[in-house]
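Structure record follows, encoded as structure tokens.
The values are calculated or read from the model by the stated rules, or taken from the named source; none is laboratory data. Owing to the predicted nature of the structure, the values given are computational and were not obtained by experimental measurement. Cβ placement follows ideal geometry from the backbone for every residue including glycine, while neighbour counts extend to all protein chains displayed. The area values use the complete protein model at the heavy-atom level, side chains included, leaving out ligands, DNA and RNA. Shrake-Rupley method; radii C 1.70, N 1.55, O 1.52, S 1.80 Å.
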Amino acid sequence: NRNVMIYAPFEAAFTPWNEGQKVVDILNSSDFKFQITYLKNQDATISSIYNLTDYGYVVLATHGSGGKVFLSGEQVDTTLAIYTSSYKTMLKAGKISISKNLVVKKNGAVSVKADVYGIRFPFISDLAGKFPNSVILNNSCESTKSAELENAFIGKGAKTYYGYSKIVSSRFCIENADTLTRRLAKDLKTTGNSFLAGSDPYSTHNAAFQMKGANDVYYP
């Protein structure tokens, strides 16, 4: 379907290296009427993606690790009622995690840090509903280092999953988001023909951009 989720918990921290608005501009310039949900910074919460299976194209512009977790922008506060009623149980079940001392925004030369929740692959597997043949662009570090997130998304009905083998630079992520979205949404190419394989030229880690799943998905 033409519902799009852009999940950008670290928009303020990554500035000026943000891909979200570029994706929005491409989608709005296409011949289709995309319905875009663009969640930035602390609006990118755990509860905001309970309905993630409603979206046909998902762009995760965030931190990640090991192909097992991507981070939200929701800061940890164990005094809140939702922690006791929900998050504590989810932590024990391995559906979410806590990442400590992350830079969440910058005030000039001063970095503001906080603990935030991570979304782990069992959370995706336990989402309600099924993805509508969706395309997932996981623009986070190590998003294909292991297959857990990839398998969780595809197991819930997503068809194509893109990610990175190692730690990746924001600049390389932006370039891939721009090219991929343009080819999918404007040129109407398949997921295979929209994909340009390559390694990150801006980092010594040389992360490979990878495609998993179906190569024949397209917007009709």
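Scanning for something among the hydrophobic types (A, V, I, L, M, F, W, C), more than 21 Å from ALA13 (Cα to Cα) and open to solvent by 60 Å² or more (accessible area, probe 1.4 Å), does the range 114-130 turn up at least one residue? Yes, some residue in the range 114-130 is among the hydrophobic types (A, V, I, L, M, F, W, C), more than 21 Å from ALA13 (Cα to Cα) and open to solvent by 60 Å² or more (accessible area, probe 1.4 Å).
Of ALA158, ALA177, which residue is open to solvent by less than 10 Å² (accessible area, probe 1.4 Å), within 19 Å of GLU11 (Cα to Cα) and at pLDDT 95 or above? None of the others qualify; the one that does is ALA177.
Take the conditions free of Cβ contacts under 8 Å to residues at least 24 places away in the same chain, closer than 20 Å to VAL23 by Cα, part of a loop (DSSP other than H, G, I, E, B) and open to solvent by 50 Å² or more (accessible area, probe 1.4 Å) and apply them to LEU196. Does it pass? Against the criterion (free of Cβ contacts under 8 Å to residues at least 24 places away in the same chain, closer than 20 Å to VAL23 by Cα, part of a loop (DSSP other than H, G, I, E, B) and open to solvent by 50 Å² or more (accessible area, probe 1.4 Å)), LEU196 qualifies. Is it the case, given these coordinates, that ALA81 is loosely packed, with under 14 Cβ neighbours inside 10 Å and free of Cβ contacts under 8 Å to residues at least 24 places away in the same chain? Criteria met by ALA81.
Being in a strand (DSSP E or B), of a type in the set (Gly, Ala, Ser), open to solvent by less than 30 Å² (accessible area, probe 1.4 Å) and in contact (Cβ under 8 Å) with a residue 40 or more places away in the chain is the requirement here; does GLY67 meet it? Taking the combined requirement at face value, the residue does not satisfy it. The residue that is nearest to ASN1 (Cα to Cα), among those in the range 24-35 that are at pLDDT 95 or above and surrounded by fewer than 17 Cβ atoms within 10 Å (Cβ to Cβ), is GLN35.
Kindly indicate whether ILE96 is open to solvent by 50 Å² or more (accessible area, probe 1.4 Å), closer than 22 Å to LEU127 by Cβ, aliphatic (A, V, I, L, M) and modelled with pLDDT of 95 or more.
no
Considering only residues of the range 131-146 that are out of contact with any Phe, Trp or Tyr (no Cβ under 7 Å at 6 or more places or on another chain) and closer than 15 Å to ALA208 by Cα, which is most open to solvent (accessible area, probe 1.4 Å)? The qualifying residue most open to solvent (accessible area, probe 1.4 Å) is LYS145.
With the structure loaded, tell me whether LYS106 is loosely packed, with under 12 Cβ neighbours inside 10 Å and over 19 Å from the mean Cα position of the chain (by Cα) or whether it fails that test. Before you say what the answer is, go through the steps one by one.
Values: loosely packed, with under 12 Cβ neighbours inside 10 Å: no; over 19 Å from the mean Cα position of the chain (by Cα): yes.
No; evaluated as a whole, the condition is false for this residue.
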